[in-house]
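Written out below as structure tokens is the structure these notes cover.
No lab work stands behind these numbers, since they all come straight from the coordinates. For clarity, every value in this text was computed on a predicted model and none was experimentally measured. Note: ideal-geometry Cβ built from the backbone for every residue, glycine included; neighbour counts use all protein chains shown.
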Protein chains: 2
Amino acid sequence: MTFVLVVDDDPAMRRTLSINLRARDYEVETAGDGRSALQVVEERMPDVVLLDLGLPDLDGIAVLTQLRSFTQVPVIVVSARSESDDKVEALDLGADDFITKPFSIEELLARVRATSRRVGREEPDLVVEVDGLRLDVTDSRATRDGAEIHLTPIEWKLVEVLARHRGRLVRQAELLTAVWGPAYDTQTNYLRVHLASIRRKLEADPSRPVLFVTEPGMGYRFTAG
Amino acid sequence: MTFVLVVDDDPAMRRTLSINLRARDYEVETAGDGRSALQVVEERMPDVVLLDLGLPDLDGIAVLTQLRSFTQVPVIVVSARSESDDKVEALDLGADDFITKPFSIEELLARVRATSRRVGREEPDLVVEVDGLRLDVTDSRATRDGAEIHLTPIEWKLVEVLARHRGRLVRQAELLTAVWGPAYDTQTNYLRVHLASIRRKLEADPSRPVLFVTEPGMGYRFTAG
DNA sequence: CGGCGTCTTGACGCGATCTTGGCGCCGGTT
DNA sequence: AACCGGCGCCAAGATCGCGTCAAGACGCCG
């Protein structure tokens, strides 16, 4: 049975959703504010979270951020405003789906099913293996022929972004934003320095990079698979 | 690791399920008839039983009845017929969930997860043994060469979270949330202090940690196996 | 009330990590 | 041939994060 947490400040809405979900054989828990929502997630770890953006205490966005800091639980964001800003922001923060009020129960149920099914697929861990090198991005673990290789936080972040786009070119702006935020300094050589240390640790021959390739003037590309 | 017993008379189906479950890090045993299924359950007590209703010797329903006479092991009934009679009967007899063929692997996996979670953490024996050190997380008992080691509640909670993710990096936010809830204070050194006392008690050489490794700027990792 | 174990909080030193600037190489352009 | 932008590389200094210690607060129980 799927366990759903409904987060909404409107008691009537909580009630409606509970009844409908329970009638479909979902186990339901509700929360009226962000604080208790976080608590429920932490204690009981639902299969899906339905999160309304308009909450009294914490902003829904803040709740989502905090959730993502400690769990991968699937979240469907519910919003009264159909502003696409909200949508983009929510999805960027790791929401799995987005639905705007008013919505039909059927649509909601369909999205709950879709999301729990999708997550049921257990995103296979992001692992790369080349030669003796093994990069387990989800575990933040790197080994060469079994020996541990230590990467620093910045190095991991860069490797992670590059690995997610494996094969594709990743622009410098995207890499810089991923680590230093949108207000990164344009006039630095962060990337050159950190990519150098990444190569020193991961490339077979750091002076002749194969995995982390430079695309002059554009960005970098991670080649594997 | 969760241990699943697959009971089905069709070898191809056993094989398919085994492969898919093993790929997800489940330990799998199979049985082709009711008799051997009962035997496996008695001898090795799986965490979840996948029970097909169409068996050669004993009727699946009969197997379920006998199972329930001596154990509470979670059972997911698999049936080719979607007759709700079957469903009602199976659930009445103590099945924990019901799924009809044909089904997607994803759906099955989701139900296995849900069932094993619902029935309780049942994390089969979260016990770690290294050198003379023995950590029984489920029982909250720790011994070194037979001698009791006392851990405080907070220490246990941290050890538990780390042990559950053995080998993986556990981020600071996750550890903090596990102990102090989602509204933890960001600006403290809780983790440093408590990890220090954990190491003082559990590490062979606390000044040179092997079990509880720090990943600067990210979190901690419990290494065993 | 007093003792005990546990948790919190602040301060300090040290090593790892990051930043910053400079230098040389290379390919493309003038 | 000289110039230039972009990059790899290096090394020094600044900063950050961690381990450690110790003092005090807190709750529990006798």
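For region B:165-215, the orientation-averaged shadow of the C-alpha convex hull comes to 3.8 nm² (one quarter of the hull surface).
The alpha-carbon of residue A:87 sits under 22 angstrom from the alpha-carbons of these lysines, leaving out residues fewer than 8 places away in its chain: A:101.
Look at the dipole of the protein assembly as shown built from charges on Cβ: of A:191, B:7, B:53, the Cα furthest out on the positive end belongs to A:191. Here residue B:68 yields copy-to-copy label distances, from shortest upward, of 4.5 nm, the label point defined as 7 Å from Cα along Cα to C-beta. Each Lys and Arg adds +1 at its Cβ and each Asp and Glu adds -1 at its Cβ; summed about the Cα centre, the protein assembly as shown shows a dipole of about 1480 debye.
Over chain A, DSSP H runs of length four or greater, each weighted -39,500 (n - 2.57), average out per residue to a 222 nm ellipticity of -13000 deg cm²/dmol. Across the alpha-carbon set of the protein assembly as shown, the Rg to Rh ratio works out to 0.99, Rh being the Kirkwood radius.
Positive end of the dipole of region A:3-120 (Cβ unit charges, origin at the Cα centre): among A:100, A:62, A:112, the Cα lying farthest that way belongs to A:112. Karplus-derived 3J(HN,Hα) values for region A:94-105, using 6.51 cos²θ - 1.76 cosθ + 1.60 with θ = phi - 60°, are x, 5, 9, 7, 9, 9, 10, 6, x, 9, 7, 4 Hz; glycine and proline are entered as x.
Each Cα pair under 8 Å and six or more residues apart adds its sequence gap; the mean of these over the residue count of region B:127-222 is a relative contact order of 25 percent.
Peptides A:182-193, B:144-155, A:54-65, A:18-29 ranked from most to least packed by the mean count of surrounding Cβ atoms within 10 Å: A:54-65, A:18-29, B:144-155, A:182-193. Placing a label point 7 Å from Cα along the Cα-to-Cβ axis, residue A:43 is separated from the same position in the other copies by 4.3 nm, shortest listed first.
For residue A:157, a cut-off of 20 angstrom between C-alpha atoms picks up these lysines, skipping any fewer than 8 places away in its own chain: A:201.
Entry for chain B at q = 0.10, 0.14, 0.16, 0.17 Å⁻¹: log10 I(q)/I(0) = -0.59, -0.89, -1.01, -1.07, Debye formula applied to identical alpha-carbon scatterers, no solvent contribution.
Counting from the shortest, the label point at residue A:132, 7 Å from Cα toward Cβ, is 3.5 nm from the same position in each remaining copy. A quarter of the convex hull surface defined by the alpha-carbon atoms of region A:19-105 gives 5.5 nm² as the mean projection. Restricting to Cα pairs below 8 Å that are 6+ residues apart, what does the relative contact order work out to for chain A? Please round to a whole percent. This gives 12 percent for chain A.
Can you tell me which of A:90, A:114, A:173 moves the most in a GNM of chain A? Springs connect C-alpha atoms under 10 Å apart. Maximum fluctuation in the GNM of chain A, among the listed residues, is at A:173.
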